[in-house]
Amino acid sequence: VQLQASGGGSVQSGETLRLSCTAAGHTPFGRLGMAWFRQAPGKRREFVAAISRSGSSKYYGDSMSGRFAISRDNAKNTVYLQMNSLKPEDTAVYYCAAARYYSGSHSAGDMDYWGKGTQVTVSS
C-alpha cells in the first residue's frame, strides 16, 4: 500500500487546514484502518487521529479532540484530517498511516504502512 499525503502548509494561529491522504495498492482501501500521526522536531511521533474501516469509529489524541476531525471516503481511497483552530504547538510533519487489522490503537507500532508526511507550520 502506498500512501500519499497532501494539504500541509503554513498558516496563522486560529486558521484551518485540511489534510488528505490517498492510498493505492492491492489491499482494498475499505479493509484498512487509517490514522494520522505527527512529529515535531526533537519530539516523538504522536498519535493524532484514526478511523475504522467503515468510518463508524473514530479516535483522537488527547490534545486534538474537538479541534480536529478525521473522515474517509472509501470510494476515493482517501482519508482526511480537518484541523481547526490551529495552534503553534500543532506545528509538525503529519504522517498518514494504515493498518490491516486496526482496533483503535494509538501506537505507531501497530500501523503497517506509512506515507512520507506533509509539513504543517502554524505561526502566532
Handout entry: Residues of region 56-76 that turn out to be open to solvent by 70 Å² or more (accessible area, probe 1.4 Å) and in contact (Cβ under 8 Å) with a residue 24 or more places away in the chain, as a count
Key = 1
Practice task
Check off (1) among the aliphatic types (A, V, I, L, M); (2) over 14 Å from GLN119 (Cβ atoms); (3) under 13 Å from the mean Cα position of the chain (by Cα); (4) crowded, with 19+ Cβ neighbours inside 10 Å for LEU32 and give me the number that stays unchecked.
Solution key: (3)
Handout entry: region 93-118: number of residues that are on the phi > 0 side of the Ramachandran plot and open to solvent by less than 20 Å² (accessible area, probe 1.4 Å)
Key = 1
Problem - Residues of region 34-56 satisfying the condition of being among the small types (Gly, Ala, Ser) and touching a Lys or Arg at 6+ places or on another chain (Cβ under 6 Å) - result: GLY55
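The values are calculated or read from the model by the stated rules, or taken from the named source; none is laboratory data. Keep in mind that what you see is a predicted model, and the values were worked out from it rather than measured. Neighbour counts run over all protein chains shown; Cβ positions are idealised from the backbone, glycine included. The protein model used for the area step is the full one, side chains on, heavy atoms only, and it has no ligands, DNA or RNA in it. Shrake-Rupley method; radii C 1.70, N 1.55, O 1.52, S 1.80 Å.
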